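The values are calculated or read from the model by the stated rules, or taken from the named source; none is laboratory data. Here the structure is a predicted model, which is why all the values come from computation and not from measurement. Note: ideal-geometry Cβ built from the backbone for every residue, glycine included; neighbour counts use all protein chains shown.
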Amino acid sequence: MTTFRRDGEVGRCVARIAARMNERVTDISASIHRGLEEEVPELRADVHTVDLLGSSVQGNLDTLLHALRHDIPAARIHLPSAAIEYTRRLAQHGVPLNALVRAYHLGQRRFTELVFAELQAADITPVEQFLAGQAITTRLFQYLDHVIQQVVAIYEAEREQWLETRNSVRALRVRELLAGKKVVDIDSTIDQIRYPLHWHHLALIVWYPDTGAHGDELAELRRFVRKSAEAAGTAAAPLFIAEDQMSAWAWLPYRSAQPGAAARVRRFAAAQADAPSVAIGTVAAGTPGFRRSHRLARDARSVALARGTAEPRIIAAEDPGLSVAALLGDRITEVWEWVGEVLGDLAAANDNDERLRETLRVFLRTGSSYKAAAAELEMHSNSVKYRVARAVSRRGRPIAEDRFDVELALLVCHWYGPPLPHPDTA
């Protein structure tokens, strides 16, 4: 009888701990998400899946906390829909399965650390802390073992199906060209992919946000690329390669250099109410240009997705400062720390400081000319002068001695947004 009462008390203690952690589930999820991105670099292989990773982490966390609160056995738990879709997407992109499994183990480790921090803060006896910790740890291992079995099965099935779907000669040849790891017979490849590699190329990457309501997105992307090519005056049909069910790569062919091609694509996309997001490379010649334009488009997309907006966005490699911003993306956490040190209070994440940063950025880029900045910002020069003075005041020190640092920090904020404070989840 005593054992039954003790088991009941432990169960209620576990439920209380889970309920308290559920109140901070968003912050805890964000903390685990950041840790996984830092410790498992393979998860950053395609930035298009970054938001889906966050949804997967939160879905697993919601499910686990619900199971702990209501004493649901691991065998009755199903993988959350976001985690299922994330697993499928990684399989489509060829991210190794062991990287995904490692991410689950690391997530469990971080969650366990947070559980014990919560137990130490709770108003319970050391014996209750031990028993509750033991119970939660056991449940965590059971949950992990159960969901990893599901993850492996989903991954392997999706990988096999995706390879069958994507296993066309055209897609394989294009990926071989981009990889550049072996000698390719260009004339033979031109015949196989039905695209003029000797010409000039403008690469595009087009994608829709993952809203969970999947329809015929690839067909819509294909139509958009075809119409973009018509609007941009290509000399032949574009090349279209599906990346996954929500995104695609494309190349627009020209017989000669076309300096205004990217601008024409941008204007066309901006005029479409239902356009996808578009990342645009630069026009470049031959097979090296085919690769380079695509690489620049990928860099542009990485910057667009890192900003985290769900709204369609048009971004081009030729946009001022974008190439530099893309180089900083892999270390954005450290870069944001540096930005905070350089800009001080001006780095705050609010609308007012954002306006001040943008005004100062344009002012410095236009040679510290109030008149030129006013023309670009469509403001009165006195308003520009006032905002520049306010920006310097918010920073807390003049910009004469470290102007280059200030300009670079403003550029980072322009493309990636200001540094966001990390919530203390421990």
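Matching residues to (1) in contact with a Pro (Cβ under 8 Å, 6 or more places away or on another chain); (2) closer than 30 Å to Arg88 by Cα; (3) modelled with pLDDT of 95 or more; (4) crowded, with 19+ Cβ neighbours inside 10 Å:
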position	(1), (2), (3), (4)
Ala229	yes, no, yes, yes
Thr234	yes, no, yes, yes
Asp244	no, yes, no, yes
Ser247	no, yes, no, yes
Leu252	yes, yes, yes, yes
Ala257	no, no, no, no
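Taking the range 339-362 as the range and being out of contact with any Leu (no Cβ under 9 Å at 6 or more places or on another chain), assigned to a helix (DSSP H, G or I) and crowded, with 16+ Cβ neighbours inside 10 Å as the test, the residues that pass are Gly340, Ala347, Glu354.
For the range 179-197, the set of residues classified as farther than 18 Å from Ala250 by Cβ, assigned to a loop (DSSP other than H, G, I, E, B) and out of contact with any Lys or Arg (no Cβ under 9 Å at 6 or more places or on another chain) consists of Lys181, Lys182, Val183, Asp185, listed by residue number. Within the range 92-106, the set of residues being assigned to a helix (DSSP H, G or I) and either of a type in the set (Val, Ile, Thr) or at pLDDT below 90 (or both) comprises Gln92, His93, Val101. Considering only the range 218-244, how many residues are under 13 Å from Pro276 (Cα atoms), out of contact with any strand residue (DSSP E or B) (no Cβ under 8 Å at 6 or more places or on another chain) and in contact (Cβ under 8 Å) with a residue 40 or more places away in the chain? Residues flagged as under 13 Å from Pro276 (Cα atoms), out of contact with any strand residue (DSSP E or B) (no Cβ under 8 Å at 6 or more places or on another chain) and in contact (Cβ under 8 Å) with a residue 40 or more places away in the chain within the range 218-244 amount to 2.
With respect to Glu407, is the statement that it is loosely packed, with under 15 Cβ neighbours inside 10 Å, assigned to a helix (DSSP H, G or I) and either charged (D, E, K, R) or in the same structural domain as His33 (by TED's automatic domain parsing) (or both) true?
Judged against the criteria, Glu407 is not a match.
A count restricted to the range 62-91 and to residues that are buried (at least 22 other Cβ atoms within 10 Å of the Cβ) and over 18 Å from Gln149 (Cα atoms) stands at 1. Looking only at the range 125-155, residues that are crowded, with 17+ Cβ neighbours inside 10 Å and of a type in the set (A, V, I, L, M, F, W, C) come to 9 in all.
Condition check: within 29 Å of Glu85 (Cα to Cα) and at pLDDT below 85. Does His48 satisfy that? Yes: the conditions hold for His48.
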